[in-house]
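The values are calculated or read from the model by the stated rules, or taken from the named source; none is laboratory data. Remember, it's a predicted structure, so these values are computed and weren't measured experimentally. No Cβ is skipped: glycine too gets one built from the backbone with ideal geometry, and neighbour counts run over all protein chains shown. We work out accessible area using only protein heavy atoms, side chains counted, and drop any ligands, DNA or RNA first. Shrake-Rupley method; radii C 1.70, N 1.55, O 1.52, S 1.80 Å.
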Amino acid sequence: MSDRTDPADFDAVVIGGGPAGLTAATWLGRYRRSTLVLDGQQYRNRWVENVHGVLTRDPASPQALLRQARADLERYGTVRLTAGSVTAVTHVASGRFRVGLEDAAEPILTRRIVLATGVRDVFPEVAGFFEHYGADVFHFPTCDGFDARGECVAVFGWGEHVAGFALELLDWANQVRVITNGPRFEGDQQQRAALAEHGVEVIEDSAVELLGRRGAMEGVVLASGRQTECTMGFFSIAHQPETTLARRLGCDIDEEGYISVDEQQQTSVAGVFAAGDVTPGMQLVNVAVGKGT
């Protein structure tokens, strides 16, 4: 660990307290680097009851995983964890960075930055969505498709990618319907034909309300008055990586809007690293942990 006389001067500041950020902080702690984790607490999966496929913890509550990770960090005396929203990150002399926080009188100085700022999902605008989200409405077939086995599934979305998304769910689901929530489905005729061939109905109508109680979804009421049966839902509308700080620092952003990194998670700006869902690749807890490592 490097010597430091200023208590606000750290070897590394990790921005983000999800799986990627906490894993990065764990390994910085094991290398005895003075580290500050700034946790904005806007976790992507904060509504979700369980995540899957985590070794020895399948299924696992994402909130419980984070609580345990924060508790585990207490053994590393060089790591501090604090709740706070970052307002700015700028270069200063001597290869350091200045980090500004809301409600903080003085900025923090650091030699390295780890951006683990995550992604914001765009949710379907339908009554009852958050009553069901994370219990029987999900956004990742990879994580939650197994639990759709034998179910009747509604897929909310209208982009051309929704065709592949819906067809993937047939690995588990008994029946799949696409509900565009109003817009015209953007897929081409070939995609429409593939959906029809596999019995996937495309409903170009707005969803008004999800029926049933949490964990026991029964159907969807449409604007036309039709009520269509479904016992589980998935959605794929848009993901918005949180790259504001990265852009201000001058980090390269790829064509899909994610922070470009090399095999060591180094961005195009020296001293700035990025990990987790804000970088390209699969968006799973296991992957975020690997990138954080």
Exercise. Given (1) open to solvent by 40 Å² or more (accessible area, probe 1.4 Å); (2) of a type outside the set (V, I, T); (3) closer than 30 Å to L109 by Cβ; (4) touching a residue at least 24 places away in the same chain (Cβ under 8 Å), where does D262 come up short, assuming only one miss?
Worked result: (4)
For this session: Could you check how many residues of the range 238-249 are part of a loop (DSSP other than H, G, I, E, B) and either more than 22 Å from the chain's Cα centre (by Cα) or modelled with pLDDT under 95 (or both)?
Result: 0
For this session: Output the number of the condition that T82 fails; it satisfies all remaining conditions of (1) surrounded by 13 or more Cβ atoms within 10 Å (Cβ to Cβ); (2) closer than 18 Å to V114 by Cα.
Result: (1)
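Does R46 satisfy being of a type in the set (K, R), loosely packed, with under 14 Cβ neighbours inside 10 Å and within 27 Å of F123 (Cβ to Cβ)? Step through it out loud before you land on a result.
Values: of a type in the set (K, R): yes; loosely packed, with under 14 Cβ neighbours inside 10 Å: yes; within 27 Å of F123 (Cβ to Cβ): yes.
Considered against the rule, which asks whether it is of a type in the set (K, R), loosely packed, with under 14 Cβ neighbours inside 10 Å and within 27 Å of F123 (Cβ to Cβ), R46 comes out as yes.
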Exercise. Taking only pairs six or more apart or across chains, which ones have beta-carbon atoms under 9 Å, a first residue in the range 279-290 that is open to solvent by 50 Å² or more (accessible area, probe 1.4 Å), and a second residue that is among the charged types (D, E, K, R)?
Worked result: P280/D254; P280/E256; G281/K291
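Checking the structure you have, find out if any residue of the range 247-258 is of a type outside the set (D, E) and at positive phi. Reasoning before the result, please.
To start, the set of residues in the range 247-258 that are of a type outside the set (D, E) comprises 247-251, 253, 257-258.
Retained after the next criterion (residues that are at positive phi): 250, 257.
Yes, the range 247-258 contains at least one residue that is of a type outside the set (D, E) and at positive phi.
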Exercise. Does at least one position in the range 202-215 carry a residue that is under 30 Å from G40 (Cβ atoms) and crowded, with 20+ Cβ neighbours inside 10 Å?
Worked result: yes
Seminar exercise, completed: Picked from the range 9-40 (must be of a type in the set (S, T, N, Q) and in contact with a strand residue (DSSP E or B) (Cβ under 6 Å, 6 or more places away or on another chain)), the residue farthest from D277 (Cα to Cα) is S34
Exercise. Are there any strands (runs of 3 or more DSSP E) wholly within the range 136-227 with 1 or more residues that are among the hydrophobic types (A, V, I, L, M, F, W, C) and under 26 Å from G281 (Cα atoms), and if so which?
Worked result: 152-156, 175-179
Seminar exercise, completed: Filter the range 56-74 for residues that are free of Cβ contacts under 8 Å to residues at least 12 places away in the same chain and either farther than 14 Å from T23 by Cα or aromatic (F, W, Y) (or both); the one that is least open to solvent (accessible area, probe 1.4 Å) is A60
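Restricted to the range 24-43, and to residues that are open to solvent by 20 Å² or more (accessible area, probe 1.4 Å) and of a type in the set (S, T, N, Q), which residue is nearest to M282 (Cα to Cα)? Reasoning before the result, please.
Narrowing the range 24-43 to residues open to solvent by 20 Å² or more (accessible area, probe 1.4 Å): 26-28, 30-33, 40-43.
Keeping just the survivors that are of a type in the set (S, T, N, Q) gives 26, 41-42.
Numbers: T26: 22, Q41: 22, Q42: 20 Å.
Out of the qualifying residues, it is Q42.
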